[in-house]
Amino acid sequence: MSTDTSYEERLQAFVGREVIARRKGQDAVNQAMIRHWVEAMLDDNPIYTDAEAARATGRNGVVAPVTMTQAWTMRGLKAHLAGTGGGAMSELLALLDEGGYTSVVATDSDFEFHRELEIGDEVDADEVVAAISEEKATGLGIGRFVTTVRTYRDQHDRVVAVQNWRTLRFKPGTGRSAKPAEEEKPRALRPRPAINLDNQFWFDAAKEHRLVIQRCADCGQLRHPPGPACPHCQSFDWDTLEASGEGTVYSYIVAHHPPHPAFEYPLLIAVVELAEGTRLTTNLVGVEPADVTIGMPVRLEWLDADPDLTLPVFRPVTEQEQ
Amino acid sequence: MSIDFDAVQVGDTLPDDPIEITRTLIIATALASRDYQDVHHDPVLAVERGSKDIFMNILASNGMVDRYVTAWAGPNARVNRVKIRLGVSNYPGDTMTMKGTVLAKDEQARTIDLEVVGENSLGNHLSGTATIELPETIELPEVTA
């Protein structure tokens, strides 16, 4: 992480600033550029090239594809080759270069279209910086996310489209792999737990990073896994107790086969006995299989496996911590 | 032919559309969108900048969503919004398969929200939503002799 405060301040000073002043596109909306676009995109929709077909759909005539809006405001090859266009955007890019963020990749685009452009329309655009993130390690490299808002208007000053645009500016060669794309491929999801009315409270609590134990409201006996009735006194009344998170390894296995794409192998599956007395099946983390022993003290950690699943896992407590 | 708004149901799936990602497609779409960033046409510079090859630009990714949803909905449809997240790159030699599902329908506004994914051999190139509108078509009165 960068510790250069003055650099951070200089960067954050760009947030809220207009980095590209309202600038008119080089050419009015025209058939040649539309044709070039739809042919390149392999788009056969007739409303882009056939005035009669466009009129048959209630339009005045040929329209430009809405996703082409930005193309009308691009500054062209000559200006591109001449270098940056000057102004605040150049200053921002120079500052990012200074920080080593010389590579760029677009990550998100949210484009809202207010009207379709017709032949002869003139489009302009301005761009304002909405946010610059702190430095982050990504698959492609160490970098910062830069979010800007572009507003496109026509010759009558009507807003044609608004685009929220996020790019990652990163340091080349600092990624996790020479093949970043493969690295970015998401791992398969863990198998879904079979959630029902009797155990939902337990998984809901896990999502809030609370490990709860079901307790009989009549006799006070703790039980796990969750169930509708107390095996001790058969009462259906229950409440919960929040576990301290301390426990010991009661038993464990090292799974090698069959591999499931959600897991890394060898996979440590353990029965952990909680300080409160109940046991649960879980995974051990931060330890090699050879170093696990029965009775080993372990402490709760939370695994946010995916947006829909949070599970408790346990890490050995070091001697120092004991 | 355009789809019948009333016949569209939430959960309907759009037919898959596989798109061959050729160098020609990547470069032609980059130039048609007037994006002259070298990573979209120069393989040597693309590698120098940390990529494995040239890759499709985001204007083209947006264009592919536009093309996919309007090819399904027909020429009457207007595209109100395209919101996408970019994942893995579209490199030459790959195939991106466009997939879509009807997420929601607004009867009043006559809009349809579509979940759209463009998937290649590395994972999702793009994923997001597109909103299209199908304005009421004017029924012409039958001409009687």
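The numbers here are math on the coordinates, done by the rules we state, and not lab data. These numbers come from a predicted model, not from an experiment. FYI the Cβ positions are ideal-geometry reconstructions off the backbone, even for glycines, and counts take in every protein chain you see.
Once each of the chymotrypsin sites (Phe, Trp or Tyr not before Pro) sitting in a DSSP loop with at most 16 other beta-carbon atoms within 10 Å is removed, chain A keeps A:1-235 as its longest stretch.
Taken over the alpha carbons of the range B:5-133 as equal point scatterers, the Debye sum produces base-10 log I(q)/I(0) values at 0.12, 0.20 Å⁻¹ of -0.47, -1.07. Based on the Kirkwood approach, the hydrodynamic radius assigned to the range B:51-114 is 13.6 Å, with every pair of different Cα atoms included.
For A:K207, give me every one of the aspartates and glutamates with a C-alpha distance below 20 angstrom, ignoring sequence neighbours fewer than eight places off in its own chain. A:K207 reaches A:D198, A:D239, A:E242, A:E246, A:E301, A:D304, A:D306, A:D308. Here is the list for the range B:41-145: GluC sites (Glu not before Pro) lying in DSSP coil, each with at most 16 other C-beta atoms within 10 angstrom of its C-beta, are B:E107, B:E136, B:E139, B:E142. For the protein assembly as shown, count all C-alpha to C-alpha pairs, find those more than 30 Å apart, and express that count as a whole percent of the total. For the protein assembly as shown, the fraction of Cα-Cα distances above 30 Å is 58 percent.
Exceedance of the 29 Å cut-off in Cα-Cα distance is limited, within the set A:K171/B:K83; A:K24/B:K83; A:K24/B:K99; A:K136/B:K83; B:K52/B:K99, to A:K24/B:K99. Remark: the range A:192-322 carries a charge dipole of roughly 280 debye about the Cα centre, counting +1 on each Lys and Arg Cβ and -1 on each Asp and Glu Cβ. With Cα atoms defining each centre, the range A:281-322 and the range A:113-133 are spaced 51 Å apart in the structure. Taking the dipole about the Cα centre of chain B, with the C-beta of Lys and Arg at +1 and of Asp and Glu at -1, give me whichever of B:T13, B:V88, B:N124 is farthest to the positive side. Farthest towards the positive end: B:V88.
Placing unit charges on the Cβ atoms only, positive for Lys and Arg and negative for Asp and Glu, gives the protein assembly as shown a dipole magnitude near 800 debye about its Cα centre.
Given axes a ≥ b ≥ c from the Cα gyration tensor, I'd like to know whether the range A:200-316 is rounded (a/c under 1.5), prolate (a/b larger than b/c) or oblate. Since a/c reaches 1.5 and a/b is larger than b/c, the shape of the range A:200-316 is classed as prolate.
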